[in-house]
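Report on one structure; see the data block that follows.
None of the figures in this text is laboratory data; all of them are computed from the coordinates on show. Fair warning: this is a prediction, and the values are worked out from it, not measured in the lab. A quick note on method: Cβ atoms are made from the backbone with ideal geometry, for glycine too, and the neighbour counts reach across all protein chains shown.
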Amino acid sequence: MPDFPATGSSRLHRATLVALLRLAALLGVSLLVPSAACTRPRRPPAPAVVFVSIDTLRPDHLGCYGYPRPTSPEIDLFREEAVLFEQAVAHAPSTLSSHASMFTSLLPPHHGASVLKHSAVVPTVPLLAEVLGDAGFATASFNGGGQLHPAWRLDRGFDVYESFAASDGSHLGEDTFRERLSAARGWIQSVRDKPFFLFLHTYEVHHPYTPEPERLALMETGYDGRLPGRISIRILEKINAGIKPLRPGDLDHIVAAYDAEISSADAAFAELLALLRELGRYDSSLIVLTSDHGEAFGERGRVGWHGDSLYDEQLRIPLVVRLPGGRLAGKTVESQVRGVDLAPTILSVLGLPVPEGFSGITIDFAGEGAREPRWSLAEVDGSPNELAVRTPRWKWYRGQLYDLAADPGERTDVAPRHPEVERDLAGRLADLMRSREPAGETPIEVDEDLHERLKALGYVQ
Ligand SMILES: [Zn+2]
């Protein structure tokens, strides 16, 4: 088992003690009133934040979001103890930029992290892990690397930051959730009863789709086409370039391969929850299950791809949050929440102060989600002209206005019918851009290992 840096009690900050008291109140545990027998006050369980990002996971491919295939029995069970957000949106359809928004609470033009520009996150802004580390939390991330490689500097604030490397890969350079959990297991056990923040991330669902045959068989019946069970990036590139046109049944088969990988990640998610229960850390933990972006499956021609547009198939993400003590279990929130809202919300749930520079707002779990206004801006990595602004009802993108309530597929431009809405959204987009100075670039070197990992994920040639 690897050695992990200890988190001594000297790091226990006053803010953490306040958080412990608030959490104890939340759980109905008395800290201050001794029992009649004058026994020592019961110690509340230390707070923990478990943040799980299953890369490229579309919400509408999970049972709890209404999907008919059996992709997510475990997440569906978890959802019964959690709050589910119907309209959670990312700020970018790519891994680095979207996660950077979640952890800096800044929009892409303001956090500076970009794969296309070889730029790391701006060094002067606080990251969620730093804030939690300063408050006495042990912090660790076990992630799929690539766009989360330490070179992009989202590792700031983590005691342990372990990325899957290209050289680790024995199967198409792909990691699995089970492998990330296995890497994390020793660390989780080592923190014992201290407060901790764990960020677990996997590219298991990301292309290439390499499902176990048994899981693929559960997702489809009777496919007799020419595509193999494992869908490589090369196959997807040929399809998207028109070199290998889809035949009847092919698209469904590709989606089944993607779905089968979700089912594998779902099973590993259950193992994570079982470990937390075994260690007595489940009930008091704040558990966030989400993703960084979606995936296109032929909505506009491209199949098994993301990162190139801001339509909802690439921007919507699942968000299922279990509050400590299972508060508000089973609740559904229909209003829009954004990636930038996650970090301030996590800190608020823990009773910790939110840094002034965070641009997101605290999600109101008991109410209808985030308070108005809830404008969300999204940007294609490195493309300042590819911007969209979204509300729960409308999206303005590429000079077109979509009524998401009437036209969730974003097919019909209704700008001529609603010029006042278009003007308003264009103004909001300009306001969001101006709300902070652009981050500029923080250049990084992409070494061979990182290049190979990005290549395995289809980001570079
Ligand atoms: Zn991603």
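Taking a straight line from the alpha carbon of residue 194, these aspartates and glutamates sit under 18 Å away, with near neighbours fewer than eight places off in the same chain left out: 3, 130, 134, 159, 278, 283. Ordering 112, 127, 90 by the projection of their Cα atoms onto the charge dipole of region 78-179, which places +1 on the Cβ of Lys and Arg and -1 on the Cβ of Asp and Glu, puts 112 at the extreme positive end. Residues in region 75-83 carry Karplus couplings, in order, of 5, 5, 5, 4, 4, 5, 9, 9, 9 Hz; the curve used is 6.51 cos²θ - 1.76 cosθ + 1.60 with θ = phi - 60°, and Gly or Pro positions show x.
Taking 0.36 nm per residue of separation and subtracting the Cα-Cα distance, full extension of the segment from residue 364 to residue 117 would add 85.3 nm.
With +1 on the Cβ of every Lys and Arg and -1 on the Cβ of every Asp and Glu, and nothing else charged, how large is the dipole of region 382-461 about its Cα centre, in debye rounded to the nearest 20?
Working: 12 positive and 16 negative charges, 107 e Å.
The dipole of region 382-461 has a size of about 520 debye.
One Cα centroid belongs to region 203-257, the other to region 60-119; the line between them spans 23 Å. When the helices of the chain are scored as -39500 (n - 2.57) per DSSP H run of n ≥ 4 and the total is divided over every residue, the value at 222 nm lands at -9000 deg cm²/dmol.
Dipole orientation for region 376-450: of the candidates 418, 388, 450, 418 has the Cα lying most toward the positive pole (charges on Cβ; Lys, Arg +1; Asp, Glu -1). Around the amide H of residue 394, modelled in the peptide plane, lie the amide H atoms of 404, all under 5 Å away and 5 or more residues distant in sequence or on another chain. The string of couplings for region 55-70 from the Karplus curve (6.51, -1.76, 1.60, θ = phi - 60°) is 4, 6, 8, 6, x, 6, 10, 10, x, 5, 9, x, 6, x, 6, x Hz, one whole number per residue in order, with x for Gly and Pro. DSSP assigns beta bridges within the chain; of those with both partners inside it, close to 50 percent run antiparallel. Straight-distance candidates among the lysines for linking to residue 395, with alpha-carbon spacing under 28 Å and chain neighbours fewer than 8 residues away dropped: 117, 331.
Dipole size of region 156-252 about its Cα centre, with +1 on Lys/Arg Cβ and -1 on Asp/Glu Cβ: approximately 160 debye, rounded to the nearest 20. Taking other residues whose beta carbon is less than 12 angstrom from the beta carbon of residue 329, and scoring Lys, Arg as +1 and Asp, Glu as -1, yields +1. Sequentially through region 312-322, phi angles give Karplus couplings (6.51, -1.76, 1.60; θ = phi - 60°) of 4, 4, 9, 9, 7, 10, x, 8, 10, 10, 9 Hz, Gly and Pro residues having no value and appearing as x.
Quick one: dipole size for the chain, taken about the Cα centre, charges +1 on Lys/Arg Cβ and -1 on Asp/Glu Cβ, in debye to the nearest 20. Kindly include the intermediate steps, with their values, before the conclusion.
On the way: 47 positive and 62 negative charges, 233 e Å.
With Lys and Arg at +1 and Asp and Glu at -1, about 1120 debye.
A cut-off of 5 Å between modelled amide H atoms, ignoring neighbours fewer than 5 places along the same chain, links residue 317 with 88, 89, 90.
Residues whose amide H falls under 5 Å from that of residue 57, counting only those 5 or more places apart or on a different chain, are 292, 293, with hydrogens built in the peptide plane.
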